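For reference, the structure discussed in these notes is given below.
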Amino acid sequence: MKSQKTYPKAYSVEFFPPKSAESAAKLRETCAELAPLKPCFASVTFGAGGSTQERTFETVREIKQTTGIDVAPHLSCIGSAKANIRQILDNYKSQSIRHLVALRGDMPSGMREAGEFRHANELVEFIRGETGDHFFIEVAAYPEFHPQALNAEADLRNFKRKVQAGADAAITQYFYNADAYFRFMDACEKMGLDLPIVPGIMPITNYVQLARFSDACGAEIPRWIRKRLEAYGEDVKSLRAFGLDVVSDLCRTLLDGGAPGLHFYTMNQAGPTTSIWHNLGIQSKPV
Ligand code: FAD
């Protein structure tokens with residue numbers, strides 16, 4: 001059933017810092033196309049170990065200056081020293097940035113030293129200790145559980161640590177099974193957590209890439225979706241039409257079931273996110 005409701009909730013988008021002049025130009029176009037949708041913020045990823053630090057800074061600066069969209073830089077802590085994180089926080093404060101996504105990150109291959117932080121809760125605690133309430137802090141949540149978690153209970157307890165350390169809200173890893181999200185929300189409520197937990201939405205545009213990402217991050221592509229995507233083979237148009245339909249339905253189910261908004265993993269492309277946005281009848285900034 002396709003509902004035609006409009007949803008006054010919080011919608012945000014995510015970008016990664018481009019690696020070349022060509023991809024930077026593409027991201028500029030993407031931002032110009034998405035800006036009229038008035039997302040409530042745009043987040044920009046940060047390679048663990050500081051691998052994209054300068055490019056993240058540059059991307060944050062440019063989006064802020066050229067689009068007027070509020071920017072929420074990601075900050076991952078694995079492999080980092082406290083002095084370095086402190087400098088980054090000072091840099092963002094000096095640019096009047098007030099919103100961060102705080103993460104552990106994954107050790108880049110070849111990097112051996114974990115640095116001064118082991119888990120994201122330590123980063124959240126550090127940011128609060130250094131900057132008080134200056135930043136609105138988002139953390140990551142995993143409705144299908146983090147791939148390195150000991151078990152589901154331990155992962156939930158670890159999520160709670162991040163909230164207790166001072167997180168204001170969370171964005172989930174992407175998923176295609178709405179029940180995983182609703183069960184996760186129930187478990188959080190039972191633990192007494194009542195922060196907004198916004199589903200991360202990954203549009204479906206490329207099966208091979210999606211399968212690779214999903215294996216790496218522990219997101220499940222349900223068999224019925226996988227089989228359909230495999231069957232499209234080189235027929236990209238049909239695959240994208242199917243992907244748009246499936247993800248738009250997922251978004252409606254999540255919003256109708258009480259999700260406080262949606263966070264789109266744009267992969268630096270405007271088209272897929274815009275199509276879902278229009279399918280849902282999302283108007284603009286949250287009320
Ligand atoms: P944590 O919350 O530290 O959890 C990692 C693992 O450790 C989990 O298994 C957890 O159960 C366990 N754990 C947590 N705390 C403790 C504790 N105190 N004691 C024992 N065990 C614990 N990666 C990047 O490098 N850059 C990005 O910009 C980026 N953006 C992301 C944005 C979103 C919305 C999401 C969902 C993920 C993002 N990631 C990014 C990926 C993320 O860094 C990885 O998933 C990483 O493996 C875990 O990061 P985390 O912050 O969830 O870690």
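The values are calculated or read from the model by the stated rules, or taken from the named source; none is laboratory data. Nothing here was measured: the structure is a model prediction, and the numbers come from that model. Reconstructed Cβ throughout: ideal geometry from the backbone, glycine too, with neighbour counts over all protein chains shown. Accessible surface is based on the protein model in full, side chains and every heavy atom, while ligands, DNA and RNA are left aside. Shrake-Rupley method; radii C 1.70, N 1.55, O 1.52, S 1.80 Å.
Some points to look at:
- Taking amide H as placed 1.01 Å from N in the peptide plane, residue 220 has its amide H under 5 Å from the amide H of 176, each at least 5 places away in sequence or on another chain.
- Projected label distance in nm at residue 114 and residue 216, using a 7 Å step from Cα toward the beta-carbon: 2.2
- Partner lysines for residue 9 [C-alpha distance under 18 Å; skip if fewer than 8 residues away on the same chain]: 38, 285
- Separation of the residue 91 and residue 136 label points, Cα + 7 Å toward Cβ, nm: 2.3
- 3J(HN,Hα) along region 195-201, derived from phi through the Karplus expression 6.51 cos²θ - 1.76 cosθ + 1.60 where θ = phi - 60°, amounts to 7, x, 10, 8, x, x, 10 Hz, with x in place of Gly and Pro.
- Less than 5 angstrom separates the built amide H of residue 101 from those of 74, 75, 138, all sequence-distant by 5 or more or on a different chain.
- Converting phi to 3J(HN,Hα) with the Karplus coefficients 6.51, -1.76 and 1.60 and the offset θ = phi - 60°, region 38-44 yields 6, x, 6, 6, 10, 9, 10 Hz in sequence order, with x at every glycine or proline.
- Difference of contour (0.36 nm per residue) and Cα-Cα distance, residue 29 to residue 224: 66.8 nm
- Cα-based shape type of the chain, given that a ≥ b ≥ c are square roots of the gyration tensor eigenvalues and the cut on a/c is 1.5: rounded
- Stokes-Einstein translational diffusion, region 1-149 - Kirkwood Rh over all Cα pairs, 1.567 mPa s, 4 °C, in µm²/s: 79
- Summed over the residues of the chain and divided among them, the accessible surface reaches 49 Å² per residue at a probe radius of 1.4 Å.
- Amide hydrogen proximity for residue 172: with H placed 1.01 Å from N in the peptide plane, the residues at 5 or more positions away or on another chain lying under 5 Å are 141, 198, 200.
- When both region 176-227 and region 87-114 are represented by their alpha-carbon centers, they are found 24 Å apart.
- Here the accessible area is traced with a 1.4 Å probe on the protein chains. For the chain, carbon and sulfur cover 49 percent of it.
- Centroid-to-centroid separation of region 229-287 and region 18-68 [C-alpha atoms, Å]: 21
- Size of region 128-287: Rg and Dmax of its alpha carbons, in Å, are 16.6, 52.
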